[in-house]
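Please treat every number below as a calculation from the coordinates, not as lab data. Keep in mind that what you see is a predicted model, and the values were worked out from it rather than measured. Neighbour counts are summed over all protein chains in view; Cβ atoms, including those assigned to glycine, are modelled from backbone coordinates with ideal geometry.
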Amino acid sequence: MITGLVDFYDGAKVFGWAIDEADLSRVVSISVLSDGVQIAAAAADIYRQDLAAAGFGDGKHSFEITLPVWVRSIRQLVFVARVGDEPSVTLRIETEIDRLIADAILQTTHVLAKDIAEMGLRMSAQEVFLSDLESKLEKIERSASDPISSLKKTIEDNDVFIVRLDERLSKLESALLQKKRKRIFGIF
């Protein structure tokens, strides 16, 4: 099946593209007709980056036709595309509405791509958070599954705390004793 579009027509020039969807390697022939008579023709084999980016093969599916001067006054021209002996397909001329819709789709695509990228970053951050949370939960589960080890660790921590507290109390007791001696002996 042939698909295509006349992107631009100003009476003197015609630009557009056409593809054979069944076989993107086939070159589509474009004809300009007036009352069923061919007055100009070209092959849709010019490279366009946007066609390649859209996945239309190698992108060589564009055409450009300069109309003869005597044809430029004819208002009822028809643009058809054909591959070999297959039936021809009339190409539609892109209108301003088509361009606005295409621009809106393109802008929406860019916005969606940006949103998808942001969602990817958020998901990565959430994965890191969840991984950290899972690690902490595993640690808690391990300590809960071995209560004796957990209890030993708590006792060791408390022993360290008691030793430090004992050292501080000893220092305070020494300081208090020195103050009492100073008072007793009248040293202020």
The long-range amide H neighbours of residue 48, using H built 1.01 Å from N in the peptide plane and a cut-off of under 5 Å, are 60, 61, 62
Tilt of helix 96-145 relative to the longest C-alpha principal axis of the chain, in degrees (0 to 90, nearest 10)?
30
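Just how large is the dipole of the chain about the Cα centre, in debye to the nearest 20, putting +1 at every Lys and Arg Cβ and -1 at every Asp and Glu Cβ? Numbers along the way, then the final one.
Values: 24 positive and 30 negative charges, 439 e Å.
I would put it at about 2100 debye.
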Can you tell me which of 3-10, 163-170 comes out highest on packing, and rank the rest after it, using the mean Cβ neighbours within 10 Å?
3-10, 163-170
Loop-located trypsin sites (Lys or Arg not before Pro) in the stretch 55-156 whose Cβ has at most 16 other Cβ within 10 Å (DSSP)
72, 75
